[in-house]
Each structure stands twice: as C-alpha cells, then as structure tokens.
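The values are calculated or read from the model by the stated rules, or taken from the named source; none is laboratory data. Bear in mind the structure is a predicted one, so any value in this text is a computation, not a measurement. All Cβ positions, even for glycine, are placed from backbone atoms using ideal geometry, and neighbour counts span all protein chains on display. To get the accessible areas, we keep the full protein, side chains included, count just its heavy atoms, and leave off ligands, DNA and RNA. Shrake-Rupley method; radii C 1.70, N 1.55, O 1.52, S 1.80 Å.
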Amino acid sequence: MVQRDADCHGVFASIGFVGTNQRTGATVAFSDSPAQTTHAADCYRVYAVGQTTNSANSNVAQVIYPIAAPTTLIGTGILTAAKQANAKLTWKNTAVNANNVEIWRGVGPKKGSFNGQFSLLNTVSSTLQSYLDPTTVGDFPNFYKVRAVNGFSQSAFSNVVTVTVDLPPPPPPATPVNLLVYPQNNLGMKIQWI
C-alpha cells in the first residue's frame with residue numbers, strides 16, 4: 001500500500017496499491033502522477049499488505065517541490081511630504097506553493113560599485129505583490145530583490161532593482177537677529193546677537 005502525506009503534516013492517506021505476489025527484496029515502483037505541485041512538499045511511505053496482518057510502515061521519503069521565483073520586480077522612489085525617502089516595490093508572484101515573499105535590501109555607496117551584500121528587510125504574505133519600504137536610505141542607492149519561500153525551501157531571487165531617492169538639501173541656518181555693538185572703553189567693541 002502506498003500512502004502520501006500532503007505537505008508532510010503527519011496525516012497519511014492511501015493513494016494506491018501495488019499488485020500481489022511481489023517477491024521479498026524485489027524493487028517495486030509506483031507512479032504518483034500528476035505530482036501535487038501546489039504543495040510545498042509531499043511525504044510518502046509504504047507497507048506490505050498480508051492475508052491476516054500488514055507489515056510495519058516503511059521509512060518516510062520526502063519530495064520537496066521547486067518554487068517559482070517572483071518576476072518583474074519594479075522599484076519606485078518616493079519622497080514623502082515629511083521629506084523622508086520611501087521605496088515602493090511591486091512584483092509578480094507566480095509560485096503556487098509559496099507561503100511568503102522575502103524582501104532583501106542592500107545599500108550601496110554614493111559613488112563606486114555595490115559590494116553585493118543584502119540583508120533580509122521583511123517577510124510578507126505570498127498573496128501580496130507590493131511593499132512600501134519606509135526605511136529607504138535617502139541620497140544612496142538602495143538595491144532590492146525578492147524571493148518566494150515556504151516551510152521547506154525558497155525560490156531563486158528575482159531581478160535586482162535600484163532605487164535612489166534624492167533628499168532636499170537641509171534648510172539654511174537661521175538668520176542672526178538683534179545685532180548690538182557696545183564700545184568697551186579702550187578694549188574695542190563688544191558685539192552680540194541672537
């Protein structure tokens with residue numbers, strides 16, 4: 001008897017039976033098609049069916065299905081009314097067996113080349129296909145990439161996008177006011193202001 005546990009949660013269901021009269025020690029094959037690609041993984045086990053009793057279960061074999069990578073990552077820089085840098089990211093998630101999407105970011109130098117070091121920025125539900133990064137580093141190139149994940153594996157990374165948000169220059173210092181000059185006998189002048 002062949003049993004499958006969809007997503008390997010410990011609940012096995014019988015999916016097929018291989019004919020009788022199999023020799024002990026003989027290699028036996030069973031085809032489970034089509035593969036259950038909407039699952040992150042499937043676990044299989046078998047046992048021999050006897051006339052009065054069954055054998056113990058075999059070891060469990062696990063199949064981890066590949067996850068499709070998100071595509072068409074686009075990044076747009078946004079300068080908020082409060083003069084803060086944000087990056088809006090959008091992508092297309094084609095994975096049918098992913099639970100989440102990881103968003104990775106690296107910040108490069110103003111000049112020169114990026115060293116390629118990314119850090120995990122956030123993890124969002126695989127049902128989302130956009131993200132707003134309120135922690136974008138202004139005046140520097142921010143590099144982003146995303147990947148789909150589930151409890152068993154992860155996809156390849158998407159394309160990398162660069163978002164640079166130019167911050168406005170800081171305002172000039174306040175203009176000095178109330179300038180006063182006082183003579184100091186033979187010592188010169190005392191000048192003061194606010």
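Brief remarks follow.
- Members of the range 69-102 found to be in contact with a strand residue (DSSP E or B) (Cβ under 7 Å, 6 or more places away or on another chain) and hydrophobic (A, V, I, L, M, F, W, C), listed by number: 69, 73, 74, 78, 79, 85, 87, 89, 91, 95, 98, 101
- Of the listed requirements (1) modelled with pLDDT of 85 or more; (2) surrounded by fewer than 16 Cβ atoms within 10 Å (Cβ to Cβ); (3) β-branched (Val, Ile, Thr), residue 2 misses just one: (2).
- Enumeration of residues in the range 9-46 that are open to solvent by less than 50 Å² (accessible area, probe 1.4 Å) and modelled with pLDDT under 80: 18, 19, 26, 32, 39, 40, 41
- Of everything in the range 114-128 that is surrounded by 14 or more Cβ atoms within 10 Å (Cβ to Cβ) and part of a loop (DSSP other than H, G, I, E, B), the residue that is modelled with the highest pLDDT is 118.
Residues checked against (1) open to solvent by less than 30 Å² (accessible area, probe 1.4 Å); (2) farther than 30 Å from residue 42 by Cα; (3) touching a Gly at 6+ places or on another chain (Cβ under 8 Å); (4) not β-branched (Val, Ile, Thr):
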| site | (1), (2), (3), (4) |
| --- | --- |
| 134 | no, yes, no, yes |
| 142 | yes, yes, yes, yes |
| 145 | no, no, no, yes |
| 158 | yes, no, no, yes |
| 162 | no, yes, yes, no |
| 166 | no, yes, yes, yes |
| 173 | no, yes, no, yes |
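- Condition check for residue 186: open to solvent by 70 Å² or more (accessible area, probe 1.4 Å) and at positive phi: no
- If you go through the range 27-80 and pick out every residue that is farther than 30 Å from residue 132 by Cβ and not hydroxyl-bearing (Ser, Thr, Tyr), you end up with 26.
- Among residues of the range 58-72, those that are assigned to a strand (DSSP E or B) and among the β-branched types (Val, Ile, Thr), counted: 4
- Within the range 45-81, the set of residues being within 17 Å of residue 10 (Cβ to Cβ) and of a type in the set (A, V, I, L, M, F, W, C) comprises 46, 56, 60, 61, 63, 64.
One line per residue, one yes/no per condition, for (1) in a loop (DSSP other than H, G, I, E, B); (2) open to solvent by 70 Å² or more (accessible area, probe 1.4 Å):
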site: 56; (1), (2): yes, yes
site: 74; (1), (2): no, yes
site: 78; (1), (2): no, no
site: 83; (1), (2): yes, yes
site: 91; (1), (2): no, no
site: 94; (1), (2): yes, no
site: 98; (1), (2): yes, no
site: 104; (1), (2): no, no
site: 109; (1), (2): yes, no
